[in-house]
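A.B. asks: Handing you a structure now.
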Amino acid sequence: MRIARFSIDGNVAFGAVEGDSPDSLVLDIIKGIPYTDFELSGTKVPLKKVRLLPPVLPNKVVAIGRNYAEHAAEMGNEVPDVPVAFFKPTTSVIGAGDSIEYPSFSEELHHEAELAVVIGRMCREVPRERVKDVIFGYTCANDVTARDVQRRESQWARAKGFDTSCPLGPWVETDVDPGDLAIQATVNGEQRQLGRTSDMVRSVEDLVVHITEAMTLLPGDVILTGTPAGVGPLHVGDEVAVTIEGIGTLTNKVIKRG
Ligand code: MG
């Protein structure tokens with residue numbers, strides 16, 4: 001099931017996305033909160049008529065760096081012995097169709113297409129065999145990065161944590177196996193990144209075990225699983241799209257921060 005969060009007439013709701021043709025998708029409005037028991041109301045609205053919001057409101061976004069060997073190599077890095085983990089703040093999260101605001105302190109913004117894991121229940125110290133029980137679903141993410149700032153500053157709070165640097169969406173797919181999905185980024189329709197999630201150095205299971213060794217994850221928390229090779233620049237006016245097989249396409253425009 002694909003679950004979107006959206007606003008219509010000033011109200012915020014979750015809905016199950018129905019249909020196959022992008023132009024005729026319908027949202028069946030959900031009664032209750034998707035992480036727990038919920039039912040479909042049967043009240044349907046065309047997706048075109050709503051504004052999509054970030055599909056989840058995470059308490060935290062935990063991101064993993066250098067999880068595809070080819071991307072680590074293109075940045076001149078080795079794959080680390082221990083996964084590199086960092087946070088993106090909740091204020092960095094935007095949804096499909098929202099604008100990425102080019103920050104004034106950078107001159108080198110990059111796209112990073114990533115599979116995002118959405119957590120469904122509170123968990124800590126999750127054993128490998130229980131990982132599937134704590135995952136609600138998957139969505140597309142763009143770990144937008146101020147590459148020049150990342151090089152200059154040893155921690156990445158500014159380079160990867162500025163407002164609008166974490167597009168998520170367009171919805172959460174709850175029924176997809178993340179093991180071997182095509183993942184790509186295009187800029188203005190031109191392909192920039194193309195990889196497969198099977199090339200991740202650490203699997204989704206590995207990452208959930210590793211992160212929850214340290215911290216409690218809450219329903220709606222998000223894990224970004226790293227980006228394949230081909231990262232590159234974004235400019236004001238660009239339209240960047242992250243597509244993951246079986247999930248959907250997350251599109252955002254880049255604007256100058258006003
Ligand atoms: Mg990244």
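We did not get these values from a lab; they are worked out from the coordinates using the rules stated. Predicted model, so just to flag it, every value in this text is computed and none were measured. A quick note on method: Cβ atoms are made from the backbone with ideal geometry, for glycine too, and the neighbour counts reach across all protein chains shown.
A.B. asks: If one computes the Cα centroid of the stretch 1-74 and of the stretch 220-256, what distance in Å separates the two points?
C.D. replies: About 16 Å separates the Cα centre of the stretch 1-74 from the one of the stretch 220-256.
A.B. asks: Using Cα positions and a limit of under 16 Å, work out the aspartates and glutamates in reach of K256, with same-chain residues fewer than 8 apart set aside.
C.D. replies: Once the sequence-local aspartates and glutamates are set aside, what remains near K256 is D98, E101, E107, E108, D163, D238, E239.
A.B. asks: Quick query: amide H of V201 versus all other amide H atoms, modeled in the peptide plane; which residues come in under 5 Å with a sequence gap of 5 or more or a different chain?
C.D. replies: Y68, A69
A.B. asks: Just to be sure I understand: if I project the alpha-carbon convex hull of the chain onto a plane and average over all orientations, what area do I get in nm²?
C.D. replies: That works out to 13.2 nm², a quarter of the Cα hull's surface.
A.B. asks: Could you tally the net charge around F87, taking each other residue with its Cβ under 10 Å from the Cβ of F87, Lys/Arg +1 and Asp/Glu -1?
C.D. replies: Cβ neighbours under 10 Å give a net charge of +3.
A.B. asks: Hey, another quick one. Which whole-Hz couplings ³J(HN,Hα) result when phi for each residue of the stretch 98-114 is put into the Karplus expression 6.51 cos²θ - 1.76 cosθ + 1.60, θ = phi - 60°, listed in order with x for Gly and Pro?
C.D. replies: So the J values, rounded to whole Hz, are 6, 8, 7, 9, 5, x, 6, 8, 10, 10, 8, 7, 10, 8, 9, 6, 9.
A.B. asks: Using the charge dipole of the chain (Lys, Arg: +1 at Cβ; Asp, Glu: -1 at Cβ; taken about the Cα centre), state which of P58, L224, L115 has its Cα farthest towards the positive end.
C.D. replies: It is P58, whose Cα lies furthest towards the positive end.
A.B. asks: Give, rounded to the nearest 20 debye, the magnitude of the charge dipole that the stretch 16-100 has about its Cα centre when Lys and Arg contribute +1 at Cβ and Asp and Glu contribute -1 at Cβ.
C.D. replies: Using only the charged Cβ atoms, the result is roughly 460 debye.
A.B. asks: Continuing with this model, one more query. Take A214, project a point 7 Å from its Cα along the Cβ direction, then tell me which residues of the stretch 128-164 have their backbone nitrogen under 14 Å from it.
C.D. replies: From the stretch 128-164, the list is 155-157.
A.B. asks: Using a Cα-Cα cut-off of under 27 Å, which lysines could be cross-linked to K31, ignoring same-chain neighbours fewer than 8 residues away?
C.D. replies: K44, K48, K49, K60, K132
A.B. asks: I255 label point, 7 Å along Cα→Cβ, cut-off 12 Å on backbone N: hits in the stretch 85-117?
C.D. replies: It comes to 97-102, nothing else.
A.B. asks: Hey, another quick one. Quick one: among P54, P219, P46, which has the greatest mean-square fluctuation in a GNM of the chain with alpha-carbon springs under 10 angstrom?
C.D. replies: The residue with the greatest mean-square fluctuation here is P46.
A.B. asks: Going by average Cβ neighbours within 10 Å, how do the peptides 244-251, 125-132, 114-121, 22-29 rank, with the highest at the top?
C.D. replies: Peptide ranking by packing, descending: 114-121, 244-251, 22-29, 125-132.
A.B. asks: May I pose another question? Which ³J(HN,Hα) values, rounded to whole Hz and listed in residue order, are derived for the stretch 39-47 from phi using the Karplus coefficients 6.51, -1.76 and 1.60 in 6.51 cos²θ - 1.76 cosθ + 1.60 with θ = phi - 60°, glycine and proline given as x?
C.D. replies: My calculation for the stretch 39-47 gives 10, 7, 7, x, 7, 10, 10, x, 4 Hz in order.
A.B. asks: Right, next: What FRET efficiency, computed as 1/(1 + (r/R0)^6) with R0 = 45 Å and r the Cβ-Cβ distance, is obtained for S24 and D133, rounded to the nearest 0.05?
C.D. replies: After rounding, the FRET efficiency stands at 0.85.
A.B. asks: May I ask you to evaluate 6.51 cos²θ - 1.76 cosθ + 1.60, the Karplus curve with θ = phi - 60°, for each residue of the stretch 180-193 and list the ³J(HN,Hα) values in order in whole Hz, giving x for glycine and proline?
C.D. replies: 8, 10, 5, 9, 9, 10, 10, 10, 6, x, 9, 5, 10, 10
A.B. asks: GNM on the chain, C-alpha springs below 10 Å: top fluctuator among A73, A229, A96?
C.D. replies: A73
A.B. asks: Also: Which residue fluctuates the most in the chain, going by a Gaussian network model with Cα springs under 10 Å, if the choices are C123, C166, C140?
C.D. replies: Looking only at C123, C166, C140, the biggest GNM fluctuation is shown by C123.
A.B. asks: Please give the charge dipole size of the stretch 2-52, origin at the Cα centre, charges +1 on K and R Cβ atoms and -1 on D and E Cβ atoms. Round to the nearest 20 debye.
C.D. replies: 200
A.B. asks: Now, a different point. Using only helices, what value at 222 nm comes out for the chain when you add -39,500 (n - 2.57) per DSSP H run of length 4 or more and divide by the total residues, to the nearest 500 deg cm²/dmol?
C.D. replies: Estimated from H runs of four or more residues: -2500 deg cm²/dmol.
A.B. asks: Would you mind working out the magnitude of the charge dipole of the chain relative to its Cα centre, with +1 at each Lys and Arg C-beta and -1 at each Asp and Glu C-beta, to the nearest 20 Debye?
C.D. replies: About 740 debye.
A.B. asks: Stretch S198-K49 to full length: gain in nm at 0.36 nm per residue minus the Cα-Cα span?
C.D. replies: Going from the current span to full extension adds 50.0 nm.
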